[in-house]
Amino acid sequence: MSGILECNGLSKRFGYVPALDNVTFSLGAGRIVGLLGPNGSGKTTLIKLANDLLVPTAGTVLIDGKPPGKETKQVVSYLPDRMYFDNWMRVRDAVGLFAEFYEDFDAAKAGDMLSSLRIDAVTPIRSLSKGTKEKVQLALVMSRRAKLYLLDEPIGGVDPAARDFILGTIIRNYNEEGTVVISTHLISDIEKVLDDVIFLNAGRVERVSAVDDIREREQKSIDEVFREVFKC
Amino acid sequence: MLSKLIKLEFKATARTFFFVYAALIIITAVNLLIFPWDSLSDPVPNILQGIVMFLYIVAVIAAGFVTAALVITRFFRNMLGDEGYLMHTLPAAAEQLILAKFITSIVWSVCTGALVALSILAFGLRTGVMSQIRATLDSWQTLGYSVGSWEIGMIGLVFVSAAAGILLIYAAMAIGPNLLKNKVGGSILAFIILAVGAELVSVPVGQIFAATGTEAGLIASILKADSATAGAGGFFESAAGIDLINQSVPLALASQYAISIIIGVVCWFLTRYFLKKKLNLA
Amino acid sequence: MKWSFNNDRPIYAQLIEQIQQGLLNGKYPPGSSMPSVRVLALEAEVNPNTMQRALAELETQGLLRSQRTAGRFVTEDETMIQKLKEDLAKSHIRDFFDGMRALGIERDEALALLRDSLAGDTGGEEGNIKTKEVRS
């Protein structure tokens, strides 16, 4: 059975600069996976390749057995590390957009999340603070019943309360068919939420392992292992 | 999916056009009321009338400018900027994304063009200029020139070349980021290259049509100013002259159509290829 | 009771310990129904898979029972709970003596210190002074 996200010899070069080199792994369904690595290690490149925002230089990436395209985009929910809504949109326009274009979108769930954040649907998105904008995007992305969630640095530069909200949202939305990939370089905050980790270093996969296995075998936290693996 | 995308495009751009069109309509109306149309021979309109006419000209230019600017910036921001992270991950093919913007741009361009034409027409009717133009065209018609088909042909050509122009601009923006690190600079560079390419295309196409000999014959005849083949009214009223012109104009139009269509098709495929295979956001 | 974790030990093992504590201190009384995996995971802020693993382990130990459609229940078997209490208590006691030995304090001395501190506690609640107060 093929995993929900499968990379085989996946490589990406920008001109002469290699961003990913021979990446191979397979992720099963219903896992929360940490894609860990320092800045510039290729995490964002990998996620963009899975989203069809970049085309591989070599190798393949498959989502649910299919190459990235119109079909896979229906089952992949992506949270990039930046704001991607038009300036003219109000919160309700963004909700409307998701409802219109994604069949697996749960508008009621999104509405609940937004009210619990006390965000009014009529508010223009551009008038929200950066942190609130990020929460809106997260709420929308997690309100889809997708097979693969790709969250690119969701907790970077975010205050602790917001971090808790994000982790709580991820846990609350967990479903057995959905795999969540969280890319980050801030490990200690999220490691108790992870099932598996992929260590990415300079475009190469250093390790792929279940989290508790590492803790049992080495009696170390993932944060500590990270520091060892990526010592300068 | 395509209709959803088109709906999104209109939603995103309607507000701007609403203001521009409203301004144009109001200024046209004001001009019709205030300007001394009935006494055009009066050499010095007063200051107010001068300002109003000036504003009208500004409004017309602005309408055209805003339309072009919106076509360009909508594509640039939405496909190549941060919004691209949303658009290119929607479950839609690149063709659909491009087509939705293309169709919307055409519609807005047509609307702007029609609105401007109508407002000028309003002035024309007011001054009686329209009837004079109509009279001239009718007199040509009676001579035997198939003016009617030319009118249709020329109006159609405006649409087709505008469409090709839009696709050329899109292609330039799709290619641009691949040429230079600066997306805007790269797009301008790509635009220059494509525009030059388009000019180069027009040469061989023009040759094909010239090969039919009609245009050459027409020019030769005009230059000859042959009184033998001409009648009382000169070349342009002679039967031979009328025939020649009736043949050349459609051919000239056809060659322009062909050039525009070729450019449009090539730019469509370029846009699609670069957005599908060479996309690199941020 | 707040859930707290050490990231350098397997989380599922820590979850087991903390749920066991809950079984003993009344948070999850015998025979009561356990909250769902998702609710527990949310409360503890851990991965539902990890929580599931901990709960499955507790089922294997016999401390939890799972009923097809009704979810998980705490065992009503009082002897099991009692045994858990004893096992955990013994483990803490072992830790105490290990800790004392690490300070160079052997068993008898440790016991004496233990008795003294207990007497001090029943005599007065102020500070660490282990004086024998005479109450008049």
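The values are calculated or read from the model by the stated rules, or taken from the named source; none is laboratory data. A quick note: this is a predicted structure, and the numbers were derived from the prediction, not measured. Note that each Cβ is placed from the backbone with ideal geometry, even for glycine, and that neighbours are counted across all protein chains shown. We work out accessible area using only protein heavy atoms, side chains counted, and drop any ligands, DNA or RNA first. Shrake-Rupley method; radii C 1.70, N 1.55, O 1.52, S 1.80 Å.
Among residues of the stretch B:260-276 that are in the same structural domain as B:Pro177 (by TED's automatic domain parsing), those with a beta-carbon under 9 Å from a residue that is among the acidic types (Asp, Glu) and surrounded by 19 or more Cβ atoms within 10 Å (Cβ to Cβ) at least six positions away or on a different chain give the pairs B:Lys276/A:Asp52. A:Thr24 satisfies every condition listed in (1) within 14 Å of chain B (Cβ to nearest Cβ); (2) of a type in the set (Val, Ile, Thr); (3) farther than 22 Å from A:Leu186 by Cβ except (1). C:Lys2 satisfies every condition listed in (1) open to solvent by less than 60 Å² (accessible area, probe 1.4 Å); (2) within 14 Å of chain A (Cβ to nearest Cβ); (3) out of contact with any Pro (no Cβ under 6 Å at 6 or more places or on another chain) except (1). Where helices (runs of 4 or more DSSP H) sit wholly within the stretch C:11-110, those with at least 3 residues that are more than 14 Å from chain A (Cβ to nearest Cβ) occupy C:11-24, C:48-60, C:78-102. For the stretch C:20-33, the count of residues that are farther than 24 Å from A:Glu177 by Cβ, without any contact (Cβ under 8 Å) to a residue 60 or more places away in the chain and among the hydrophobic types (A, V, I, L, M, F, W, C) is zero. Exactly one residue out of A:Lys220, A:Lys133 is without any contact (Cβ under 8 Å) to a residue 40 or more places away in the chain, within 14 Å of another protein chain (Cβ to nearest Cβ) and either open to solvent by 40 Å² or more (accessible area, probe 1.4 Å) or among the hydroxyl-bearing types (Ser, Thr, Tyr) (or both): that is A:Lys220.
Scanning the stretch B:81-104 for residues that are closer than 20 Å to B:Trp268 by Cα and either open to solvent by less than 10 Å² (accessible area, probe 1.4 Å) or outside the structural domain of B:Phe17 (by TED's automatic domain parsing) (or both) yields a count of 8.
Summed over the stretch B:21-66, the residues that are assigned to a helix (DSSP H, G or I), at pLDDT below 75 and either of a type in the set (D, E, K, R) or open to solvent by 40 Å² or more (accessible area, probe 1.4 Å) (or both) give a count of 5.
Residue check: A:Met113 meets all listed conditions (1) at pLDDT 95 or above; (2) surrounded by 18 or more Cβ atoms within 10 Å (Cβ to Cβ); (3) more than 10 Å from chain B (Cβ to nearest Cβ) but one, namely (1). Where residues in the stretch A:223-232 are open to solvent by less than 50 Å² (accessible area, probe 1.4 Å) and in contact with a Lys or Arg (Cβ under 9 Å, 6 or more places away or on another chain), which of them is farthest from the other protein chains (Cβ to nearest Cβ)? Restricting to residues being open to solvent by less than 50 Å² (accessible area, probe 1.4 Å) and in contact with a Lys or Arg (Cβ under 9 Å, 6 or more places away or on another chain), the top hit is A:Val229.
Given the criteria open to solvent by 50 Å² or more (accessible area, probe 1.4 Å), of a type in the set (Asp, Glu) and within 12 Å of chain C (Cβ to nearest Cβ), does A:Asp164 qualify? Considered against the rule, which asks whether it is open to solvent by 50 Å² or more (accessible area, probe 1.4 Å), of a type in the set (Asp, Glu) and within 12 Å of chain C (Cβ to nearest Cβ), A:Asp164 comes out as yes. Taken over the stretch A:193-213, the residue count meeting the criterion of being facing chain C (nearest Cβ under 9 Å) and buried (at least 17 other Cβ atoms within 10 Å of the Cβ) is 5. Only a single criterion out of (1) within 11 Å of chain B (Cβ to nearest Cβ); (2) on the phi > 0 side of the Ramachandran plot; (3) in contact with a strand residue (DSSP E or B) (Cβ under 8 Å, 6 or more places away or on another chain) is not satisfied by A:Asp52, namely (3).
Checked against the criteria, B:Leu194 does not count as modelled with pLDDT of 90 or more, open to solvent by 40 Å² or more (accessible area, probe 1.4 Å) and more than 14 Å from chain A (Cβ to nearest Cβ).
Of all residues in the stretch B:239-263, those being aromatic (Phe, Trp, Tyr) and at pLDDT below 70 number 0.
Listed conditions (1) closer than 19 Å to A:Thr179 by Cβ; (2) basic (Lys, Arg); (3) in contact (Cβ under 8 Å) with a residue 40 or more places away in the chain are all met by A:Lys12, apart from (1).
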